[in-house]
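Asks: Next up is a structure, given as structure tokens.
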Amino acid sequence: MKKSDFEKQKGASLAHQLIKAGRLINERGLAAARDAFHLPELKQSHLDLFPYIDFEGTGISEMAKRKGVSKQSVSKLVQEMVHMNILFLKIDLKDSRSKRVFFNTSGSFAIQKGFAALMSIDHMLIDHLGEKSYMLVLREVSALVEMFQSENQN
């Protein structure tokens, strides 16, 4: 198969185009988060931990369990984010041998600021597609997400 034929096949695949669009949007979202938080060293792996941190704090072991990775990898990322002043550690009142991880600012504020950065991409998409097409694409992609999520639960 020639390279040009392969490129045509990729371009004709909705699944491939969705993956590529997701990757490009994710890269733009990470850049927006870096700008919003003034943290050029912020990495995707840091942001990937955010959903596993409760506003009332979460232990590193619990975060690792929820994410399905080692405690060592979570500890390393947490230490980097403590250094960046995103998170702080506090002795767990229920178990003085362990520490809990907290957002340094109000967790909901940090998430809102990050989500605002992401919404700037939505505004760009609305400008490019028009509101009617944007809403159609959103509805159809949401239906796909729901389909895949329900398949994963079975």
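Laboratory data are not the source of any read-out in this text; all were calculated from the coordinates shown. These figures come from a predicted structure and were not determined experimentally.
Asks: Using a/c under 1.5 as the rounded threshold, could you call the chain rounded, prolate or oblate? The axes a ≥ b ≥ c are square roots of the C-alpha gyration tensor eigenvalues, and prolate needs a/b larger than b/c, oblate otherwise.
Replies: Details: a/c = 2.13, a/b = 1.82, b/c = 1.17.
Here the chain falls in the prolate category.
Asks: Right, here's the next one. Checking the cross-link filter: which lysines have an alpha carbon closer than 22 Å to that of residue 43, excluding same-chain neighbours under 8 positions apart?
Replies: Qualifying lysines at Cα under 22 Å: 20, 65, 67, 71, 76, 113.
Asks: Springs between alpha-carbon pairs under 10 angstrom, Gaussian network model over the chain: which of 39, 47, 129 fluctuates most?
Replies: The residue that fluctuates most here is 129.
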